[in-house]
1. What is the distance, in nm, between label points placed 7 Å from the Cα along the Cα-to-Cβ direction at residue 26 and at residue 122?
2. Which one, 111, 140, 123, projects farthest toward the positive side of the charge dipole computed for segment 93-140 from Cβ point charges (K/R +1, D/E -1)?
3. Taking 41 Å as R0, compute the FRET efficiency from the Cβ-Cβ separation of residue 146 and residue 42 and round it to 0.05.
Amino acid sequence: LERVQAALPDAVAIVGWLECTVGEDLRPWCYAVTGPGGVYWARTGLPDDEEGLATTPVGGAPLRSELDDPSSPEMAVSRESRALWRERFEPLGPALKGISELVVVPSGEMLGVPVEVLQNDSGVRVGDRFNVSYSLSATIYVGLRDRVTRDSPGGVLLVGDPPYNDSQRDE
């Protein structure tokens with residue numbers, strides 16, 4: 001954890017979800033890891049008095065099936081996206097102040113869900129507010145980041161269009 005936190009720039013957070021069973025209750029937790037802020041944990045889920053499509057398993061994929069079905073009404077996708085925002089993303093809000101980039105570690109019910117399309121009740125999508133990338137784990141993210149930094153002096157990849165024959169040199 002210390003290595004992950006040390007590698008994170010100030011405006012970057014790693015976010016993910018864990019499915020935990022306590023007794024008979026299976027309820028996911030969300031987390032955000034930030035460099036200076038530590039680890040923030042929150043229980044996910046809609047309040048008991050609120051019902052939404054996101055209370056059904058995402059693995060059954062109402063969101064994915066809606067996106068895959070071109071004849072589905074856009075409102076169903078929007079409604080599901082907002083329900084998933086409230087259930088799985090909104091609890092992270094306090095940890096994401098000052099964050100502009102998210103590294104998403106999808107797991108469990110969130111595997112295959114495009115986090116960028118989740119939107120709050122005002123219609124603002126995650127992808128509109130944050131630069132989003134994905135990693136299999138926080139450790140892999142840090143390892144790849146260290147490798148890129150170590151193996152590429154200056155951190156720049158330059159690609160040119162070299163001439164292949166004399167006639168191209170003048171162009």
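1. In this crude label model, residue 26 to residue 122 measures out at 3.5 nm.
2. About the Cα centre, the residue reaching furthest to the positive side is 140.
3. Given R0 = 41 Å and the Cβ-Cβ separation, E is 0.90.
Values in this text are rule-based calculations from the coordinates and carry no lab data. Everything numeric here is computed off the predicted structure, so don't read it as measured data. Glycine gets a Cβ as well: all are built from the backbone with ideal geometry, and neighbour counts include every protein chain shown.
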